[in-house]
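Values quoted throughout were computed directly from the atomic coordinates according to the rules given, and no laboratory measurement underlies them. Worth saying up front: this structure is predicted, and the values here are computed from it rather than measured. All Cβ positions, even for glycine, are placed from backbone atoms using ideal geometry, and neighbour counts span all protein chains on display.
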Amino acid sequence: MKTTEVMKTNEHDIEQILAEQATKTIVGQIKKGDKQAFGELVELYRNQVAALAYKMVGNYDEAADVTQNVFVKISQNIGRYDESKKFYTWLYRITVNASIDYMRKHRRHHHESIEEVTEKADDKNDTPELSYQRDQLRHYINEAAESLNDKQRSAFMLRDMDGCHIDDVANIMNMPEATVRWYIHRARAKIKKELLKKCPQLLLTFGFK
């Protein structure tokens, strides 16, 4: 791993630790009946929930509905939250489940929003031609992601898109790490298979084999 990648990872972990510490204080206040504290919790996590919901449902308006549902569920169940556990893991689990419930209820296909394929496919110094090819690759990945089932999509999105650790993904999805790894493996295999059929030359362009 490159030095810059290590630094970014450490910074991300430190930010998570600080956020968790602040959250534990806020949750404690909420459990004591402080209504203003819940507003602080919403402010602290609204963007994260909305971003995760959008990645799951692929529509801004629907993601807003999911986000609202998530915080309603949190307000109703905050008393059950175990403060010895990571709050964001609990929050992500609620958000993923709420997103899946929303998609099932509305009986429609989603469109996975993939912001970044790899660093190779997201170079801001790209030529116009490479930039166009990267957009094409994202389009094909969006199409390929439609073949994933709910669990594969959740595992793939949390691990490969949000960068969650495997143990956190396992906690969020409430299943063993080995099972999570299997879902991620199957998701990647399905997407790669589709890409090899539809755009093999694009994969070679960005160094994928």
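Between ARG186 and VAL42, the simple label model (points 7 Å from Cα in the Cβ direction) yields a spacing of 3.8 nm.
For the pairs LYS86/LYS198; LYS86/LYS151; LYS55/LYS85; LYS86/LYS193; LYS85/LYS105; LYS32/LYS151, flag any whose C-alpha to C-alpha distance is greater than 32 Å. Exceeds cut-off: LYS86/LYS198; LYS86/LYS193; LYS32/LYS151. Counting neighbouring Cβ atoms within 10 Å and putting the fewest first, the residues TRP182, TRP90 line up as TRP182, TRP90.
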